[in-house]
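The values are calculated or read from the model by the stated rules, or taken from the named source; none is laboratory data. The structure presented is a predicted model; accordingly, all values stated were derived computationally and were not measured. Methodologically, a virtual Cβ is constructed for each residue, glycine included, from the backbone with ideal geometry; neighbour enumeration extends over all protein chains shown.
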Amino acid sequence: MRMTAEQFLNWENKSITLLAMSGAGKTTLANKLPKDKWFHYSGDYRIGTKYLNEPILDNIKRQAMDVPFLRNLLLSDSIYICNNITVDNLAAVSYFLGKLGNSGQAGLSLAKFKYRQNLHLQAEIKAMLDVPQFIDKANDIYGYRHFLNDAGGSVCELDSTEVLETLAKHSLLIYIKIPSTLEQTIIERAKTNPKPLYYRESFLEAHLEKFMSFKGYTDTEQISPDEFVTWVFPCLFKSRLPRYEAIAGKYGYILDADEVAKVTGETDFIQLIATAITLQTSHSCL
């Protein structure tokens, strides 16, 4: 969606999609907006509670069935297992996505890892295509004035024109760009606390081959689960930046993460976007 700053400021029911790498401040920003006026749609939350809910529960039950005490209770319907996923606690989604590597260290085989990666891909596409109906429901049913789509960090990896055009048609796309001064900080943070991630299949295959060759491994069972995630993250980080830039260049606008961090509330946020629209529209006309 393209518009002038004036049109944005006068837009009665604003719908905004935030795109950014994890750590850029999307969720922190969302929490600074008035909760009675802004509907916060989390793509990751929708993935976990709707599209991956059953596979996540099946995986948990599979693990529980290996414990005789829990197995007997489950088989006799004495207990049940449910998810407790929240916008602020998406651990169940991360654990399901998992890490490639040694099964004795809770790693996944390459086949199982790719299977779960594909499930996540399809779930994320569906979650993003759900945005228009949630924009309508947020206002019509719940009475929210504005809508904020906190998209997952891997949206730029989906290679789905349908997703991007749907989001651009129904919301203003804003890419929060991490300044170069913070890039290494985020990379180091990811190395210290490696988390499961989604990778495009072509990216995964190319970088896994390099990793295996570099380490001298012949089987993914030789990989410590955190080892590959830590090694590949800087490459993933760098590969996503031009993808975000391309999306913003075609469909939306860019905000600097340092400026976003200074936002204290709704007024700051709206003015920051209006200024970005003015500056980036004028530059595109040069």
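Observations
- Scanning the range 93-113 for residues that are crowded, with 17+ Cβ neighbours inside 10 Å and under 14 Å from the mean Cα position of the chain (by Cα) turns up VAL93, LEU97.
- Meets criteria (assigned to a helix (DSSP H, G or I), farther than 22 Å from PRO225 by Cβ and not small (Gly, Ala, Ser)) for LEU119: no
- Test: residue in the range 67-79 that is closer than 21 Å to ILE125 by Cα and either among the β-branched types (Val, Ile, Thr) or in contact (Cβ under 8 Å) with a residue 24 or more places away in the chain (or both): no
- Here is the figure for the range 146-186: residues that are out of contact with any strand residue (DSSP E or B) (no Cβ under 9 Å at 6 or more places or on another chain), closer than 22 Å to GLN117 by Cα and not polar (S, T, N, Q) total 5.
- Looking at the range 188-286, the helices (runs of 4 or more DSSP H) lying wholly inside it that each contain 3 or more residues that are modelled with pLDDT of 95 or more sit at 201-215, 225-251, 266-284.
- Test: residue in the range 89-109 that is under 28 Å from TYR41 (Cβ atoms) and of a type in the set (Ser, Thr, Tyr): yes
- Residue within the range 193-201 that is touching a Lys or Arg at 6+ places or on another chain (Cβ under 7 Å), touching a residue at least 40 places away in the same chain (Cβ under 8 Å) and crowded, with 17+ Cβ neighbours inside 10 Å present: yes
- In the range 222-241 there is at least one residue that is buried (at least 18 other Cβ atoms within 10 Å of the Cβ), in contact with a Cys (Cβ under 9 Å, 6 or more places away or on another chain) and either touching a residue at least 12 places away in the same chain (Cβ under 8 Å) or under 24 Å from ALA123 (Cα atoms) (or both).
- The listed residue being in contact with a helix residue (DSSP H, G or I) (Cβ under 7 Å, 6 or more places away or on another chain) and of a type in the set (Ser, Thr, Tyr), out of SER76, SER15, SER22: SER15
- Residue list for the range 52-89, filter: surrounded by fewer than 19 Cβ atoms within 10 Å (Cβ to Cβ) and within 21 Å of the chain's Cα centre (by Cα): ASN53, GLU54, PRO55, LEU57, ASN83, ASN84, THR86, VAL87, ASP88, ASN89
- Flag if ASN31 is without any contact (Cβ under 8 Å) to a residue 24 or more places away in the chain and within 24 Å of TYR244 (Cα to Cα): yes
- Verdict on ILE174 being modelled with pLDDT under 95, outside any loop (DSSP other than H, G, I, E, B) and within 19 Å of the chain's Cα centre (by Cα): no
- Some residue of the range 228-237 being more than 22 Å from LEU167 (Cβ to Cβ) and out of contact with any helix residue (DSSP H, G or I) (no Cβ under 9 Å at 6 or more places or on another chain): no
- Subset of the range 170-227 [touching an Asp or Glu at 6+ places or on another chain (Cβ under 6 Å) and of a type in the set (Val, Ile, Thr)]: none
- Test: residue in the range 72-90 that is among the aromatic types (Phe, Trp, Tyr) and in contact with a Lys or Arg (Cβ under 9 Å, 6 or more places away or on another chain): no
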